[in-house]
Amino acid sequence: LRFIAGAGLLAAVLVAYSNSYQSGWVLDNRPIVHDDPRLQDASWANVTLILTADYWYPRFSSGLYRPLTTLTYLANAVLAGGRDDPKSFHVVNNLLHALNALLLFLLCRRLTGRVLPALGAGLIFATHPIATEAVTNIIGRADLLAAGAVLAGMLIYVEAVDGDNSIRAKRRRLVALFLVTVAGMLCK
C-alpha cells in the first residue's frame, strides 16, 4: 500500500511540476548554485567551505547558514557530472517534494488510521500550487528539506508517544527527533 501510494504521489508531482524542467538558471539559482565555486568538485576544501561559509558565498554575507542544503547541491552536481544543466537539480527537487507528500500521507494515515483521507491529503499537498516556488525554483530546495524535516519529526514524535513504550525505543525515537530537528535547522 505504501508503495502504491508513493508511486501515485510521485506521479502526481511529476505531472504537476513537469514544466519545471524548462526553467533554466533563473533568479537566484545562478549565483547560489551555478556560480558557487564550492560546487565544482567534492573536495574536502569545498566541503569545509560549505560548512564554514555563508549560503551566498562568495558574493556577499547574508547571514544565512544552510550547509546541508548546499551539500545537496554539491552532491547533485557531482552525481550529474557538473552544474551546467539545471535539469538534474529540478529532478531532485521534484523527488524531494514527492517524498514530503509521502511523509504527509504516512503521518495522516498514522493519525487517522484511514488510507483514503490520508492519500487525499498527500495528493493535495503534492499538487497544490502554493508549493510551486519551492519545487520549481532550484534554491527552493531549502524549503523542501525543511518541510521534510518537520514532517519526519512529526512522524517520529507520534511514534514516540503512541508506539512501543520501552525506554530503549523511546530514547531511540527522541534521538532521531533531535537529529531530524538539527538537520532541518541546517537546511533552512
Tell me, which helices (runs of 4 or more DSSP H) lie completely within region 1-114 with 3 or more residues that are surrounded by 18 or more Cβ atoms within 10 Å (Cβ to Cβ) and of a type outside the set (Val, Ile, Thr)? 2-16, 67-80, 87-112
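Quick check on region 165-173. Is at least one of its residues part of a helix (DSSP H, G or I) and in contact (Cβ under 8 Å) with a residue 40 or more places away in the chain?
no
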Give region 115-124 a look and list any residue that's open to solvent by 60 Å² or more (accessible area, probe 1.4 Å) and within 20 Å of the chain's Cα centre (by Cα), or say none. Leu123, Ile124
When residues of region 158-188 are limited to those that are closer than 24 Å to His128 by Cβ and modelled with pLDDT under 95, the one least open to solvent (accessible area, probe 1.4 Å): Val158
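The values are calculated or read from the model by the stated rules, or taken from the named source; none is laboratory data. For clarity, every value in this text was computed on a predicted model and none was experimentally measured. Heads up, the Cβs are rebuilt from the backbone with ideal geometry, glycines too, and the neighbour counts pull from every protein chain shown. For accessibility, only protein heavy atoms count, side chains too; no ligands or nucleic acids. Shrake-Rupley method; radii C 1.70, N 1.55, O 1.52, S 1.80 Å.
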